[in-house]
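Everything on this sheet refers to the single structure shown next.
Values quoted throughout were computed directly from the atomic coordinates according to the rules given, and no laboratory measurement underlies them. Only a predicted model underlies this, so the values are computations on that prediction, with no experimental measurement involved. A quick note on method: Cβ atoms are made from the backbone with ideal geometry, for glycine too, and the neighbour counts reach across all protein chains shown.
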């Protein structure tokens, strides 16, 4: 089989890793110091940390979805990008660690308003044991366990493929991963939906939406593909990936970005339309603060810059073939993804008594994603260096590389 030593990542990644850790450590210390020095800001600090956690964890979980998707559809983009996608999925351990402050906040009753609702309140009566701190944490543990199982098997079989001594054995491992990914995608969709409800929708215990989980399937999927594009575009200028990646690969990535941009917009519009037409107070009240003041403007920004602008740009075929331009757009979309998390999380009811609709944007809302992101990227770059950058023993690797060189 092929010599994999020549496919390991460039040394530049080590310096990127050091910088990411420094940024993450400084940001985390600012958040911790702020919460300790100003006790009244602890709820805000945890709320902001939740924004950063949901955004970066979404890249991990979105990448897991794409890892299974590329096994199912056998696209060249998935073969050449598999190791970047796998490295993103293997950030799950650091995601679990980054989740600990939120779990402690739920235990202490400083994040979600439902932890302060009286037992005889109608929501608490209807949901019973579901609305207890220990059940919430237990469900989160189950989500991480299910994600971890899928990530563990797929990464193990991929690693085993690198060690194979025959093409037949490598093909068998590929078939095994493909068969696992079919039911895996279904389980992944369900777990993402449940996690989105627990971690975000339950910020407002009186709100419910049957489409809420699908918003995160589309949103986290979009975050995942945008992150993959950025990393691949950077690596395409460096060995060994400059010998692997071609413009047709990025064209395929661009088409996936366009698909998920449209899906995200469609699902958000569908949720709004259904709730508006139903005109039920317990549902409509969720949109009231999001249509007022600064939140209304953020909603407009999301319509034009999370959907309309990327949609129009990605319609251009030539644009999708240029790696650097596509990566710049991917960065822009990820910034909009942070605004989307802010829009979903920040206006929700708070434990502290604030007038309706007067939910200010705190500087911590922007520091937290940087802090969480620095730590996440440090771990990601370590995983990226741990294995060859491509699955060179994959039976379709050579044809996938040739695909990228086409016109």
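So what is the 222 nm mean residue ellipticity for the chain from helices alone, if each DSSP H run of at least 4 adds -39500 (n - 2.57) and you divide by all residues, rounding to the nearest 500 deg cm²/dmol? Present the calculation step by step, with values, prior to reporting the outcome.
Values: 16 runs with 291 residues, N = 407.
The per-residue figure over the chain is -24500 deg cm²/dmol.
Given contacts defined as C-alpha pairs under 8 Å and at least six residues apart, what's the relative contact order of the stretch 7-404, whole-number percent?
On the way: 534 pairs, mean separation 149.9, N = 398.
Contact order relative to length: 38 percent.
Ranking 217, 211, 345, 59 by Cβ neighbours within 10 Å, fewest first, what do you get? Before the final figure, lay out the partial values.
Numbers: 217 22, 211 14, 345 18, 59 27.
If I rank by nearby Cβ atoms, fewest first, I get 211, 345, 217, 59.
Bin width 10 Å, origin at 0, all Cα-Cα pairs of the chain: what percent of pairs per bin?
Reading the bins upward from 0: 5, 22, 32, 25, 12, 4, 0.
Can you give me the angle between helix 247-278 and the longest principal axis of the chain, using Cα atoms only, in degrees from 0 to 90, rounded to the nearest 10?
The two axes meet at around 20 degrees.
Rank-order 366-375, 278-287, 169-178 by packing density, defined as the average count of other C-beta atoms within 10 Å over each peptide's residues, highest first. Please list the in-between numbers first.
Numbers: 366-375: 22.7, 278-287: 13.1, 169-178: 17.9.
In descending order of packing, they fall as 366-375, 169-178, 278-287.
Over the stretch 1-88, what number does the Rg to Rh ratio reach, with both radii from the alpha-carbon atoms and Rh per Kirkwood? Could the numbers behind the result be given before it?
Values: Rg = 18.7 Å, Rh = 16.3 Å.
Expressed as Rg/Rh, it is 1.15.
For the chain, find the longest principal axis of its Cα atoms and tell me its angle to the long axis of helix 364-386, 0 to 90°, nearest 10.
Computed tilt is about 20 degrees.
Could you line up 64, 342 from fewest to most neighbouring Cβ atoms inside 10 Å?
The fewest-first ordering by Cβ neighbours comes to 342, 64.
For 249, 403, which order do you get if you count the other beta carbons within 10 Å of each Cβ and list the fewest first?
Numbers: 249 28, 403 18.
Sorted ascending by nearby Cβ count, the order is 403, 249.
On a 0 to 90° scale, report how tilted helix 212-235 is relative to the longest principal axis of the chain, with both axes built from alpha carbons and the result rounded to the nearest 10.
With rounding to tens, the tilt is 40 degrees.
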